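The values are calculated or read from the model by the stated rules, or taken from the named source; none is laboratory data. The structure displayed is predicted, hence computed values, not measured ones. Here Cβ is always computed from backbone atoms with ideal geometry, including for glycine, and neighbour counts include all displayed protein chains.
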Amino acid sequence: MTPTSSAPFLTVTDLSVRYGAVEAVHGLSLEVERGSITVLLGANGAGKSSTLAALTGIAPAKGGLQFDGLSLTGMMPEEIVRHGIALCPEGRRVFPSLSVADNLHLGGAAHVKGDALAARIEAELDRFPILRERFHQRAGLLSGGEQQMLAIARALMSAPRLLLLDEPSLGLAPKVVDQVFDLVLSLRDQGITILLVEQNAERALDIANRGYVLQSGRLVLSGSGAELAGSDLIRQAYLAG
Amino acid sequence: MDVFLQQCLNAISLGGIYALLALGLAVVFSIVSLINFAHGELMTLAGYAIYAALLFAMPLPVALGAGVIAAALAAMAIERVAFRPMRRADATSLLITSFAVSVILRVLFQNGISARPKPVALPPELSGVVTFGPVHLSVIALASIAITILSLAALSLFLTRTTMGRAMRAAAEDFQVLRLMGIRANRVIAVAFAISGALAGVSAALWIAQRGSVDPLMGFVPVLKAFIAAVIGGLGSLPGAVAGGFALGIAEVLFQAFLPPEALPFRDAFVLSLVVAVLIWRPDGLIPAKTGRRS
C-alpha cells in the first residue's frame with residue numbers, strides 16, 4: 001500500500017464533541033498523513049481522548065471526519081473499526097476475567113474467522129512473546145506493562161490501517177515505556193499510521209512526524225515534532241526543566 | 001434413609017430450577033443492567049407453549065423443546081419492542097418498562113387463555129419411581145436434575161468456546177470496548193435475551209413436570225425466588241446465580257422437611273432470615289460479579 005494521492009489519510013474539520021452541557025472539543029481541525037506518527041498533546045481534560053472517542057464513534061461528534069475518502073460522521077463504533085481504525089483505549093481496558101487468548105480472539109473475531117483468526121493471534125504472539133507465556137491466564141492477573149501489550153495486540157487483531165493509541169505509556173515502568181515507544185516506531189515502519197495521545201510529551205515529540213497541542217478543547221499549536229519540541233509553550237507546559 | 005435421600009433430591013431439583021431462573025436474570029443483568037421483571041411471564045409463556053404442543057398431540061420432548069424455543073423468541077421480541085427503544089434510559093425507566101411488559105403479558109394470559117389453571121397431562125412413566133437396591137427415587141426429580149446439569153454444561157460451553165459466548169462475558173465487563181472490537185452490541189444483547197428466555201423455558205418445563213398444570217401466575221413465585229437467589233449469589237454474577245439458586249432451593253426443602261410441625265408455617269421466615277444472614281456476612285453476594293467498569 002503505497003500512498004497514491006496527496007490527500008491526507010485522515011482529515012478532521014471543525015470537530016466538536018459535546019457531553020450534555022459540557023463541550024469537550026471545540027472546532028478542532030487536524031490532518032494525519034498516511035504512514036506517519038501524529039501526536040496529540042494537552043493537559044488533562046484538553047479534549048484528546050474525546051477526539052479519539054469521536055473518531056471511533058463512541059462520542060457524539062459534529063463536524064467533518066474524513067478517513068481515506070470515507071466520512072465517519074454518524075457511524076457506529078462497530079462499523080468504524082471495520083473500515084480500519086482501531087483504538088487502544090486509555091487505561092488499557094482489557095477484559096480482566098477473560099484469558100489473554102479470549103481477549104485476542106475478541107479483537108479479531110469480527111474481522112476474520114477460523115484459521116485466519118488463529119493465524120492473526122499467532123502473529124501477535126510472535127510480536128509480543130510475553131503474551132504467549134501468559135496465553136491462558138486471566139488478563140486481570142497480568143502486570144500493567146503486560147496488560148498494555150495485550151491491549152495493543154488486541155487492537156492490532158483487527159489489522160487496522162490507522163491505530164489510535166491513548167496514553168499507552170501511562171503508569172508504566174521506564175523500561176516498559178521504552179518498549180512501547182519502540183513498538184510504535186516499528187508499527188509505523190510496518191505501514192500502520194499512528195495517532196498517539198501522550199502525556200510524555202518529550203518522548204512522543206521525539207518520534208512524531210507531526211504534533212498538535214490542545215487546550216480546553218481548542219487547537220493552540222501545531223507543527224512538526226522538532227518544531228514543537230523547540231517551542232516555548234511546549235517547553236514551559238510539558239518539558240519541565 | 002429413603003426419605004432423607006429423596007428430600008436431598010427434591011432440594012437439588014428445586015434448587016436447579018431456581019438456579020436456571022436466576023441465571024436467566026443474571027445473563028441479562030450482567031450485560032444491560034436490567035432486572036427483567038417480565039422473566040416470570042416468559043416462564044408462564046413457555047408453560048402455555050408446552051400445554052398447546054401437548055394438546056396437538058406432539059411427543060413430550062418436542063413439546064418441551066417448543067416451550068424453550070417459544071420463550072427464547074418471546075424474550076428476543078420483548079427486547080426488540082420494549083427494551084431496545086429504551087436503551088439509553090436510566091435503570092429506573094428500564095425497571096418500570098419491565099413491570100409494564102410483565103403486567104401486559106399476564107393480562108393477555110388471563111383474558112386470552114384463562115385465569116384458571118390448565119392441566120398439562122404428562123406421560124405416566126414420569127411420575128414413577130426408580131429403585132436402586134433399597135432406595136426408591138422419583139423419576140421427575142432425577143430427570144429434572146439431569147436436565148439442569150445438561151443446561152448448565154451447555155451454557156458453560158457456549159460461554160467459553162464460542163465467539164458470542166466470549167463476547168457476552170466481555171460485554172459484562174466493558175461493553176464499550178467490545179463494540180470497539182467490531183462486535184455488534186445489538187446482536188450480543190439479542191442473544192443474551194434469547195438465552196435468558198431459553199433458560200426460563202427449561203425452568204417452565206421442570207416446574208410443570210412437578211406440578212402438572214399451568215396458570216397465568218405460574219412464573220411469579222419461582223421468579224421472585226430467583227431474584228432472591230440472584231441477589232444472594234451476587235447480582236450479575238453467573239456462577240453466583242447458580243450458587244444462590246441451589247442454596248435457596250436446598251434451604252427451602254430442608255427447612256420444609258426438618259422443621260418441627262409447629263414451626264412449618266414460618267418456613268419462609270426461616271429461609272429469608274438465612275438470606276439476610278448471608279447478605280450481612282457477604283453484602284455483595286456469595287460470588288460477586290466482576291464488573292470491569294473503570295474505577
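Structure notes:
- Of the criteria (1) within 21 Å of B:Asn186 (Cβ to Cβ); (2) at pLDDT 90 or above, which one B:Ile96 fails: (1)
- Criterion (of a type in the set (A, V, I, L, M, F, W, C) and in contact (Cβ under 8 Å) with a residue 60 or more places away in the chain) met by exactly one of A:Leu187, A:Leu183, A:Leu125, A:Leu195: A:Leu195
- Only one of the listed residues (B:Ala66, B:Ala77, B:Ala82, B:Ala46) is buried (at least 23 other Cβ atoms within 10 Å of the Cβ), part of a helix (DSSP H, G or I) and not acidic (Asp, Glu). That residue is B:Ala46.
- All positions within region B:118-130 that are touching a helix residue (DSSP H, G or I) at 6+ places or on another chain (Cβ under 9 Å) and either within 14 Å of B:Arg211 (Cα to Cα) or not β-branched (Val, Ile, Thr) (or both): B:Lys118, B:Pro119, B:Val120, B:Ala121, B:Leu122, B:Pro123, B:Glu125, B:Leu126, B:Ser127, B:Gly128
- For A:Lys113, the conditions (1) crowded, with 22+ Cβ neighbours inside 10 Å; (2) out of contact with any strand residue (DSSP E or B) (no Cβ under 9 Å at 6 or more places or on another chain); (3) farther than 21 Å from A:Ser186 by Cβ are fulfilled apart from (1).
- Scanning region A:204-228 for residues that are over 21 Å from A:Gly35 (Cβ atoms) and of a type outside the set (Lys, Arg) turns up A:Val213, A:Leu214, A:Gln215, A:Ser216, A:Gly217, A:Leu219, A:Val220, A:Leu221.
- Just one of the listed residues (A:Glu90, A:Glu122, A:Glu133) is surrounded by 14 or more Cβ atoms within 10 Å (Cβ to Cβ) and among the acidic types (Asp, Glu), and it is A:Glu90.
- Residue tally, condition of a type in the set (Ser, Thr, Tyr) and buried (at least 16 other Cβ atoms within 10 Å of the Cβ), over region A:15-73: 7
- Looking only at region A:74-87, and only at residues there that are in contact (Cβ under 8 Å) with a residue 60 or more places away in the chain and more than 9 Å from chain B (Cβ to nearest Cβ), the one that is surrounded by the fewest Cβ atoms within 10 Å (Cβ to Cβ): A:Gly84
- Checking A:Ala101, A:Ala59, A:Ala53 one by one, the residue that is more than 7 Å from chain B (Cβ to nearest Cβ), among the hydrophobic types (A, V, I, L, M, F, W, C) and assigned to a loop (DSSP other than H, G, I, E, B) is A:Ala59 and no other.
- Which listed residue, of B:Ala226, B:Ala289, is at pLDDT 95 or above and closer than 25 Å to B:Ala200 by Cβ: B:Ala226
- When every residue of region A:212-222 is checked against the conditions, none turns out to be at pLDDT 95 or above, hydroxyl-bearing (Ser, Thr, Tyr) and over 20 Å from A:Phe67 (Cα atoms).
- When each of B:Val120, B:Val129, B:Val103 is tested for being in contact (Cβ under 8 Å) with a residue 12 or more places away in the chain and either within 14 Å of chain A (Cβ to nearest Cβ) or more than 30 Å from A:His111 (Cβ to Cβ) (or both), the lone residue that passes is B:Val120.
- Candidate set: region B:144-160, residues that are surrounded by 15 or more Cβ atoms within 10 Å (Cβ to Cβ) and among the small types (Gly, Ala, Ser); chosen: the one nearest to the other protein chains (Cβ to nearest Cβ): B:Ser151
- Scanning region A:104-139 for residues that are at the interface with chain B (Cβ under 9 Å from one of its Cβ atoms) and polar (S, T, N, Q) yields nothing.
- The residues of region A:125-165 that are of a type in the set (Lys, Arg) and within 20 Å of the chain's Cα centre (by Cα), listed by number, are A:Arg127, A:Arg154, A:Arg161.
- For region B:161-205, the set of residues classified as within 8 Å of chain A (Cβ to nearest Cβ) and among the β-branched types (Val, Ile, Thr) consists of B:Thr163, B:Val177, B:Ile183, listed by residue number.
- Scanning region B:120-143 for residues that are in a loop (DSSP other than H, G, I, E, B) and surrounded by fewer than 16 Cβ atoms within 10 Å (Cβ to Cβ) gives B:Ala121, B:Pro123, B:Gly128, B:Gly133, B:Pro134.
- Screening B:Val214 with (1) of a type in the set (A, V, I, L, M, F, W, C); (2) over 30 Å from A:Thr56 (Cβ atoms); (3) free of Cβ contacts under 8 Å to residues at least 60 places away in the same chain gives one miss only, at (3).
- Among the criteria (1) buried (at least 22 other Cβ atoms within 10 Å of the Cβ); (2) touching a strand residue (DSSP E or B) at 6+ places or on another chain (Cβ under 6 Å), the one B:Ser213 does not fulfil is (1).
- Subset of region A:197-226 [within 14 Å of A:Leu185 (Cα to Cα) and aromatic (Phe, Trp, Tyr)]: none
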